[in-house]
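Chemist: I'd like to ask some things about the structure below.
What follows is calculated from the coordinates using simple rules that are stated; it is not laboratory data. Computed from a predicted model, the values in this text were never measured in an experiment. All Cβ positions, glycine included, derive from the backbone under ideal geometry; neighbour counts span all protein chains shown.
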Amino acid sequence: MTMDDLELLRRFEPIIHFTRGEHFFPMDADRYVGESSLWEARPEQPPVCLVPETKLTLAKLVEPRPAPHGTVHYLRFVESLTPLEAARFLAKHRRAFRRSRGRLARVGLASRIIDALFSITLILRGRVPGGTAAAAADVYQRLQAKAEQYVYYGRAVRSGPGSFIGLQYWFFYPMNDWRSGFYGVNDHEADWEHVTVYLAEDLTPQWVAYASHDFTGDDLRRRWDDPELQRVSDHPIIFAGAGSHASYFSPGEYMHEVALPFSGPLTRIFRVAEKFWRDTLRQGGLSNEEADHDRSSGVLVVPFVDYARGDGLIIGPGGAKQWQPRLLPEAHDNSLDHPQAWAHHYRGLWGLYARDPIAGENAPAGPKYNRDGSVRRSWIDPLGWAGLDKVTPPGGVAAAIAGGASAIEQRLAVAQTEIADKTTQLRALGLESEAMIDAPHFKAHHPEHLKKIAGLSEAIQQLHKQVAVDHALLEALTAYRERLAQGERLPARSHIKLAHHPTTEETEQLGRLAEAWAALSIGLLILGFIAVMLIAPRFWANGLVSLVAAISFLEALFRREAKELIQRAVVGLSLVALVVLVYEFALPLLVAGIIALGVFIIVDNLRELAG
Amino acid sequence: MKRHRARLPLLLLVFGQGAMFLTYFALYLFNVGMRPELMMLDPRGHLQAGLSLWFFTGTWLVLGAASVIIGVGLRRMRPWAWTAALILEGAILILALEAYFNRHADPSFYAAMAVAMVIVLALNQREVQILYRAHYTPLEGPFGR
């Protein structure tokens, strides 16, 4: 690592806009570790404290600790406060956070039922105890009061000559309190987030990618000239999610959908049925592309809002607080003397291991590692992580096009020669076949010969197809080279398939009545169903259908979606009718189908005769 | 906009449905004509049968007339006709399914159910919705969808 890297990192260091009410900001790992204890959880055994708090240092953290497979090493930053202590702390440090219209008011009845199920899974799964976030905030505020610091850990990743240089900025937060503080998905001690700025060889910024939850690929990155990317000079602006610390390009409130655990198979079946319904039967109101954009991540999904308003503290150039950068070791620098040697040598979790089987409440591992100890893709392959591995840096485009065109020309020449050779062989085989026709003693050999002819003919056909494609590709490359030479560029957002946008103002301004209804409706549904079961248990099915229909209709009125609800309900009724008709008239329908097929064949043949 | 090929079958189905219900109405009326005592709502034994006949006769007439009116609206490409057709078919399906699940469906109900089902699936076709301007307007974000 050289000073050049530090200068580069400082030149492009980001500015983070937080949401008002945020308790935790990027800090240094050494002070966090100084407050933590180190634990070891072996399979089927209670966890054991290896190093108690105040005794742990970064040097001790990286000591080798052999253990059997399945063992988890983890830190414990704080002991959770009792409910009374937590309430006292929160009363003393009241959040300035303003909650907007509830997430439940923004989604439908089905999602709210699933939300209730998700809350039940939280009881069954391991979770961070209540009062942990308050305790963490208490300790963090004490540390900041002693010495206020806002730290990022940076590294410059050079993937070789002619490639992008990736400037990675890692931010360490002592706690993710998204669930307990901001009605989000999860809480966990410790949180590692990162963004990467990609430079060309001449050190001009080209792209930037923000980590957002567990997403990867093209949608994470924006081109430097994309209007969505906000910058102050060469410093990109990040809008951090409240509590979650996920990074966004624009301020706003983002809806997230979290699939219920083990809902994958159901989602896959639903996708197949949906595709058949939409594409084959052409049913529904949206075009394919629009539907793909609107497609949620699963069937059993729970909606959550990530508040990234950017109306709170600003850290970075021009902001209220300034960064203190720390350099991470290079990819192959395994020296234990490096101040940040823990990045390579500590594979454990950076906070409480809550034994959550789906990991949402377990603390993350460090910048280099996943929770299971494997190396993160964003660390080992920052280009591939943001889908940039297939993108040629601007300085090398002309040479790459020339190289690509030359390779295609060579491939074409080879293919043409091969076509000529195979054609000669095919003609020879054709002649031999003609000669065999009137010779009875070739009866056994002739079919084999015909097979060879068919195989060779197929191979020549494939070569012709390849030549046609290569010719078209060559033309396209030449045209693209000319467009680039004239200064044209692809649109800045052409690589984005599904951009994550904040919710619209219209959605955020749902009425108070809709919000209250959203909060009450599931409870009312359950109470109403219990009442039906007590009063008229024989009619439980009718009662349930009526209750759901009444609540859905009221809901649709609140949302001014009565027409859409009627459409969905009537289509549902027609599908029930279809099932009834098939059930009642299976045999006549089969006979009618066969008769129709017979009539079709007769008509078709008669038409051919007449024609 | 070019008219979708499903429009003509849709119109035929809606008018055909109207004709079917009006025929049912005529048949019920004929039935009543054969047994005029049913029209009297005689409390001495025929009250229930009489009421049922009045209800069905009236229902067939209303459904038949509504089908014809909606068919005219659909033919004139009126957006309201698409919504009205959907509501009408919903009502027919509710009546038919209620009869089926309460075990008093006869062949006329199955025929009504089948026709209504086909009409709903035709109305729900994406192109038909666009034709009658019944499709949803996608929301635009600041940077497009």
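Chemist: Is there a pair in A:275/A:563; A:321/A:368; A:368/A:390; A:275/A:465; A:422/A:451 whose C-alpha atoms are over 25 Å apart, and which pairs would that be? Let's see the in-between values first.
Modeler: On the way: A:275/A:563 23 Å; A:321/A:368 27 Å; A:368/A:390 23 Å; A:275/A:465 31 Å; A:422/A:451 15 Å.
Distance filter (> 25 Å) returns A:321/A:368; A:275/A:465.
Chemist: Based on other C-beta atoms within 10 Å, arrange B:27, A:220, B:22 from fewest to most.
Modeler: Working: B:27 13, A:220 24, B:22 17.
Fewest-to-most Cβ neighbours within 10 Å comes out as B:27, B:22, A:220.
Chemist: Compute the angle between helix A:264-275 and the longest alpha-carbon principal axis of chain A, please, reported from 0 to 90 degrees and rounded to the nearest 10.
Modeler: 50 degrees
Chemist: Hey, can you rank A:571-579, A:594-602 by average C-beta count inside 10 Å, highest first? Provide the component values of the computation, followed by the final result.
Modeler: Values: A:571-579: 17.3, A:594-602: 10.0.
Highest to lowest by the protection proxy: A:571-579, A:594-602.
Chemist: Further question: Within the stretch A:522-542, find all residues whose amide N lies under 15 Å from a label point positioned 7 Å from the Cα of residue B:98 along Cα-to-beta-carbon.
Modeler: Taking a point 7 Å out along Cα→Cβ of residue B:98, the residues of the stretch A:522-542 whose backbone N falls under 15 Å are A:542.
Chemist: Within the stretch A:24-79, which GluC sites (Glu not before Pro) sit in a loop by DSSP and count at most 10 neighbouring Cβ atoms inside 10 Å?
Modeler: Numbers: sites: A:35, A:40, A:44, A:53, A:79; in loops: A:44, A:53, A:79.
Filter output for the stretch A:24-79: A:44.
Chemist: Shifting gears a bit: Got the relative contact order for the stretch A:1-57 handy, in percent, Cα pairs under 8 Å and 6 or more residues apart?
Modeler: Numbers: 40 pairs, mean separation 15.3, N = 57.
It rounds to 27 percent for the stretch A:1-57.
Chemist: Okay, next question. For residue A:238, enumerate residues with amide H under 5 Å from its amide H, sequence gap 5+ or separate chain, H modeled in the peptide plane.
Modeler: Amide H neighbours of residue A:238, under 5 Å, 5+ apart: A:15, A:16, A:17.
Chemist: Related question: Let me have the 222 nm mean residue ellipticity of chain A computed from DSSP H runs of 4+ only, each contributing -39500 (n - 2.57), with the sum over all residues rounded to the nearest 500. Don't jump to the answer; show the numbers that get you there.
Modeler: Working: 19 runs with 273 residues, N = 611.
Computed ellipticity for chain A at 222 nm equals -14500 deg cm²/dmol.
Chemist: Using the beta-carbon distance between residue A:414 and residue A:457 and R0 = 25 Å, what value does 1/(1 + (r/R0)^6) give for FRET efficiency, to the nearest 0.05? List each step's numbers first, then the result.
Modeler: Details: r = 20 Å, r/R0 = 0.79.
Result of the calculation: an efficiency of 0.80.
Chemist: Further question on the same structure: Starting from the alpha-carbon convex hull of chain A, give the projected area averaged over all orientations, in nm². List each step's numbers first, then the result.
Modeler: Details: hull surface 176.0 nm².
Result: a mean projected hull area of 44.0 nm².
Chemist: Considering the options A:157, A:477, B:114, tell which one lies farthest towards the positive end of the dipole of the protein assembly as shown, charges being +1 on Lys and Arg and -1 on Asp and Glu at the Cβ, about the Cα centre.
Modeler: My answer, from the dipole projection, is B:114.
Chemist: Something else now. Taking θ as phi - 60°, what are the ³J(HN,Hα) couplings along the stretch B:86-102 by the Karplus curve (6.51, -1.76, 1.60), each to the nearest whole Hz, with x for Gly and Pro?
Modeler: Per residue, the Karplus-derived 3J(HN,Hα) values read 5, 5, 4, 5, x, 4, 4, 5, 4, 4, 5, 5, 4, 4, 5, 6, 9 Hz.
Chemist: Let me ask something else about it. Taking the Cα atoms only, what angle lies between the long axis of helix A:83-92 and the longest principal axis of chain A, rounded to 10 degrees?
Modeler: In chain A, helix A:83-92 runs at an angle near 80 degrees to the longest axis.
Chemist: List the aspartates and glutamates whose alpha-carbon lies under 14 Å from that of residue A:497, not counting same-chain residues fewer than 8 positions away?
Modeler: Those aspartates and glutamates meeting the cut-off are A:218, A:219, A:289, A:290, A:292, A:294.
Chemist: What is the stretch A:299-396 by shape, rounded, prolate or oblate, if you read a ≥ b ≥ c off the alpha carbon gyration tensor as root eigenvalues and call it rounded for a/c under 1.5, prolate for a/b larger than b/c, and oblate otherwise? Write out the running numbers ahead of the final one.
Modeler: Numbers: a/c = 1.22, a/b = 1.08, b/c = 1.13.
Rounded.
Chemist: Among A:175, B:113, B:20, rank each residue by its count of other Cβ atoms within 10 Å, from fewest to most, as a rough exposure measure.
Modeler: Result, fewest neighbours first: B:20, B:113, A:175.
Chemist: How far, in nm, would the chain grow between residue A:466 and residue A:608 when pulled straight, counting 0.36 nm per residue and subtracting the alpha carbon separation? Mind dumping the intermediate values first?
Modeler: Details: separation 142, 0.36 × 142 = 51.12 nm, distance 3.73 nm.
Roughly 47.4 nm would be gained on extension.
Chemist: log₁₀ I(q)/I(0) of the stretch A:368-451 at q = 0.11, 0.12, 0.25, 0.26 Å⁻¹, via Debye over equal Cα point scatterers, no solvent, to two decimals?
Modeler: For the requested q values the scattering log ratios are -0.65, -0.67, -1.10, -1.13.
Chemist: Under the 0.36 nm per residue contour assumption, what length would be gained going from the current alpha-carbon distance of residue A:494 and residue A:269 to full extension?
Modeler: Details: separation 225, 0.36 × 225 = 81.00 nm, distance 3.11 nm.
Value of the extension gain: 77.9 nm.
Chemist: Right, something else. Taking chain A as the reference, fit the longest principal axis to its C-alpha atoms, fit the long axis of helix A:446-485 to the helix C-alpha atoms, and give the angle between the two in degrees, 0 to 90, nearest 10.
Modeler: With rounding to tens, the tilt is 50 degrees.
Chemist: Around residue A:154, which amide H atoms from residues at least 5 apart in sequence, or from another chain, sit under 5 Å from its own amide H, with H modelled in the peptide plane?
Modeler: A:170, A:326, A:327, A:328
Chemist: Let me ask something else about it. Applying 1/(1 + (r/R0)^6) with R0 = 25 Å to the Cβ-Cβ distance of residue A:478 and residue A:225, what FRET efficiency is obtained, to the nearest 0.05?
Modeler: Computed FRET efficiency for residue A:478 and residue A:225: 0.45.
Chemist: Would you mind working out the magnitude of the charge dipole of chain A relative to its Cα centre, with +1 at each Lys and Arg C-beta and -1 at each Asp and Glu C-beta, to the nearest 20 Debye?
Modeler: Details: 65 positive and 71 negative charges, 319 e Å.
Magnitude of the dipole: close to 1540 debye.
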